[in-house]
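> Here's a structure for you.
Read-outs throughout are calculated quantities, based only on the coordinates presented, and are distinct from any laboratory measurement. Because the structure is predicted, anything quoted here is derived from the model rather than measured. Note: ideal-geometry Cβ built from the backbone for every residue, glycine included; neighbour counts use all protein chains shown.
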């Protein structure tokens, strides 16, 4: 049982504290309720750009990392379609140093053109390296575009194209920061060996006087139901043919989410999964195959990704996958097969809870969903999934007319 206390400061900052005396470290997580879905279509990649900019100078410090490292701390961050998340670990006696650093960059970044130019260059180079120069690197540019026609999930987190970041002005950056990086749009989680009153007093000391700003109020468009499959073939400089079959699925808090997540595990979680065991290991139709979900807050994507073995056509590979999907829609999964997956998930969750940092990150995410107690109860939802639930969601989701298929072909195969 993960015990925690929740508070809301006068400026709207949501605070969650978790006390744990089994570690000498404190973990600090700040989640900003802004992701790539909050960007304008002609200015994408800004949330990811800010992940980089937030490590530059702010009001009272030249850079974030140096004083943190002097305090014995480590830090990192990530951005996705829904959130931007920053986290730190530090010896608990230096907790106040981290709170000062985090509050300083929440008050205001040092918006100078030199820093902006440096980080723009870093992000553009990352775009080129991971999306343009890496085999299959632009897969999610295609998959996002195929699965979303209205919703801003239709571009990936890194952005639609480098031009959007290259064209970012200092005023663009200031406007984005002032709109989203404020107490009313943030969640602060502290976890570690401290007294609650002491930790809350430190939070109030460093964050309580920051101007609140406004919480992010979204009015995002809904996707219409997909009634016709889409297929896209890309000839590119890739080492082997690759196949992606995707299906839209409900949002993170939908009652069917847990059954769908387990369905993806049945198909693609490791060497004992159905697709790996039957299509790769036994029939040798694939050299690689996997199944997973995006798990996004709003309606996401169920993905089957594979590379047909040498001599196996794309059509043969697809047919084999569809046969496995039809079995799931027509037959109940074995009770022991489902139970094995649940136990594996329970073990993974228990192991995750041994990390003070994982606890802080998860508490922030669940608080953002307005369901912080999911950190204690989420496995109950997985455990309640039945064999009938798996068949139901397979029948609902894995329909041919709702399938968007992306195929990569090596350029030499087209000569």
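> Inverting the mean 1/r over all pairs of different Cα atoms, compute the Kirkwood radius of region 230-414 and quote it in Å.
This gives a value of 17.7 Å.
> Still on this structure, I have one more. How large is the convex hull of the C-alpha atoms of the chain per residue, in Å³?
Given the Cα convex hull of the chain, per-residue volume reads 149 Å³.
> Order of 136, 288 from fewest to most other C-beta atoms within 10 Å?
Neighbour counts put them in this order, fewest first: 288, 136.
> Ok, one more. Compute the acute angle (0 to 90°) between the alpha-carbon long axis of helix 374-383 and the principal axis of greatest extent of the alpha-carbon atoms of the chain; round to the nearest 10°.
Roughly 10 degrees between the two axes.
> At residue 281 and residue 130, where each label point lies 7 Å from the Cα along Cα→Cβ, what is the point-to-point distance in nanometres?
3.2 nm
> How far is it, in nm, from the label point at residue 336 to the one at residue 7 when both lie 7 Å from their Cα along the line to the Cβ?
Output for this residue pair reads 5.3 nm.
> Under a point spin-label approximation (7 Å from Cα along Cα-to-Cβ), what is the residue 22-residue 370 distance to one decimal in nm?
3.2 nm
> Now a separate question. Tell me, 315, 96 in order of fewest to most beta-carbon neighbours within 10 Å?
315, 96
> Over all distinct Cα pairs, what is the inverse of the mean 1/r for region 5-207, reported as the Kirkwood hydrodynamic radius in Å?
Result for region 5-207 stands at 17.9 Å.
> Among 270-278, 376-384, how do they line up by average Cβ neighbours within 10 Å per residue, starting with the highest?
Per-residue mean Cβ counts within 10 Å order the peptides as 270-278, 376-384.
> Still on this structure, please answer the following. Only counting other Cβ atoms within 10 Å, I'd like 65, 222 sorted with the fewest neighbours first.
Ascending Cβ contact count within 10 Å gives the list 222, 65.
> Another one. Calculated from DSSP H runs of 4 or more alone, at -39500 (n - 2.57) each and per residue, what is the 222 nm mean residue ellipticity of the chain, nearest 500?
Result for the chain: -12000 deg cm²/dmol, rounded to the nearest 500.
> Starting from 0.36 nm per residue, how many nanometres of slack lie between residue 229 and residue 272 once their C-alpha separation is accounted for?
Extending this stretch completely gives an extra 12.5 nm.
> If you count, for each residue, the other Cβ atoms within 10 Å and average over each peptide, how do 235-244, 156-165, 1-10 line up from highest to lowest?
Most protected by this proxy first, the peptides run 156-165, 235-244, 1-10.
> Using Cα pairs closer than 8 Å and at least 6 residues apart in sequence, work out the relative contact order for region 316-413, in percent.
42 percent
> Determine the relative contact order of the chain: mean sequence separation of Cα pairs under 8 Å and six or more apart, normalised by residue count, in whole percent.
Relative contact order comes out at 22 percent.
> Helix 113-127 versus the longest principal axis of the chain: what angle, 0 to 90°, nearest 10, using Cα atoms?
20 degrees
> For the chain, take the longest principal axis of its alpha carbons; what is the angle in degrees between that and the long axis of helix 170-180, to the nearest 10 within 0 to 90?
90 degrees
> I'd like the FRET efficiency for residue 380 and residue 326, computed as 1/(1 + (r/R0)^6) with the beta carbon distance as r and R0 of 30 Å, rounded to 0.05.
After rounding, the FRET efficiency stands at 0.45.
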